[in-house]
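As structure tokens, the structure follows; a few thoughts come after it.
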Amino acid sequence: MHATFTPVAMTSSEVLRYAAAFFFVLVAIAIAYALIKAAKALDRVDKVLADVDHEAVPLMQKAGVTLDGVNANLTNVDDITKDVADITDKIDSMANIIEGAVSGPARKAAAFSAGVQTAMSSFMRRDRGEASAEGEPFTEGDSGPSPWESAPAASASGPATTPAAAAGKGSTTSTTNVGDLPRTPAPEDQSWVSPQG
């Protein structure tokens, strides 16, 4: 039996049908290929999500532990800041105490010095008054003869000339009567009180 190949005559509608079938087979193969690739991609995404889920939980736990450590350190910093503020307050109060301990005696020493100076001044005025009552010229300090003693004086109760007038220098002559000097009573009845600081 010999098979013979006989040409089959096809019409144009049959050709179009075969072409459409062939085209649909190609489209089906392309869609199947795309679906296989999409399945592989989704499988990879599923693996990545599983890895992220597996790694993210410990990572979040580590982040929570780190944040707890940071909060503990911030609490320590707050404690340090409070301690520094307390130390500053203590230093300030100590400085105030030292200032009070030093300034109180210093004020009292200044008041005592002022009292001694006033007493010496009144003592010197009293000596000046006694000297003028005796008719002798008075100078503060005994560092040699006074200018009145070296200059010629008219008399003990008369006018005493200044050294410039005695030496003949100057165009005017000024004379001072020792008895004309102001006399201040001695502060025997005054009580000296130092200011309290």
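Readers should treat all values here as calculations from the given coordinates under stated rules, not as data from a laboratory. Quantities reported herein were computed from a predicted structural model and do not represent experimental measurements. Here the Cβ is made from the backbone with ideal geometry for all residues, glycine too, and neighbour counts use every protein chain on show.
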### Pair Phe123, Ile80: separation of 7 Å Cα→Cβ label points (nm)
6.3
### Task
State the extension gain, in nm to one decimal, for the chain segment bounded by Arg44 and Leu26, taking 0.36 nm per residue of separation less the distance between their alpha-carbons.
3.8 nm
## Note on the structure
Taking Cα atoms only, Rg over Rh for the range 1-129 with Rh from the Kirkwood formula is 1.95
### Query
Tell me, what does the Kirkwood hydrodynamic radius of the range 62-102 come to in angstroms if you use every pair of distinct C-alpha atoms?
12.4
### Query
What spacing in nm lies between the two simple spin-label points modelled at Lys90 and Arg17, each 7 Å away from Cα in the Cβ direction?
10.8
#### Entry: Percent of Cα-Cα distances greater than 14 Å, calculated over the range 15-54
63
